[in-house]
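What follows is calculated from the coordinates using simple rules that are stated; it is not laboratory data. This is a predicted model, so every value here is computed, not measured. We place every Cβ from the backbone using ideal geometry, glycine too, and count neighbours over all the protein chains shown.
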Amino acid sequence: MSFSLPSRAPSGPRRRTLLAGAAGLGLLVGCSSGGEGSDAAGGSPSVAEKARAGAARDSEALVERYDAVLAAHPDLAGLLTPLRAEAVRHVEAFGGGKRATKPSSSPSQSRSPSPSASASPSGGPDPVPAEPKAALAELAGAERKLADRRGKALLEVPGELARLLASVAAAGAGHAYMLTEGAK
């Protein structure tokens, strides 16, 4: 039995050697990709900037969708207002905010013009469903699709932006769950 233990012992150092080699290779790749990023300084940051701007636009569109649903169904304000506020924070985190924060800078503004506000979403890309449960389900679907897209996009962007996308995607998935539960 003592012979079987030494036969296993050589496999340990080989694994360590492989892991150390893989870690060293990772460092080399990390250094070389950092060098490429510094050589092509315009390439890597522009990808991140484009992703950040796209994420801000997506969040702005989501805020607009919340506004449309709130205008059509003001009785859902208790559920939707905090989620909309989170979406506005997401816009700001991605560097947007010109369009998203203005429509409902005051709560009375988003609720009082409900006839005109409900007319603009019907003239826009997607009308708000007449039934509150259907409107919540549609909003949950929008949150879910955006969270899925962000989850995929985080693989293509650098560290800090990837972490932000992951965090916002997780929040969006949580919003989708809350909206789905609110529709029941």
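The simple Förster model, with R0 at 25 Å and r as the Cβ-Cβ distance, assigns Ser167 and Glu49 a FRET efficiency of 0.85. Mean separation of Cα pairs under 8 Å and 6 or more residues apart, divided by the residue count, gives region 133-179 a relative contact order of 50 percent. Our coupling estimate for region 135-151, obtained by passing each phi through the Karplus curve with A = 6.51, B = -1.76, C = 1.60 and θ = phi - 60°, is 5, 5, 5, 5, 5, 4, x, 5, 5, 5, 4, 5, 4, 5, 4, 5, x Hz, Gly and Pro reported as x.
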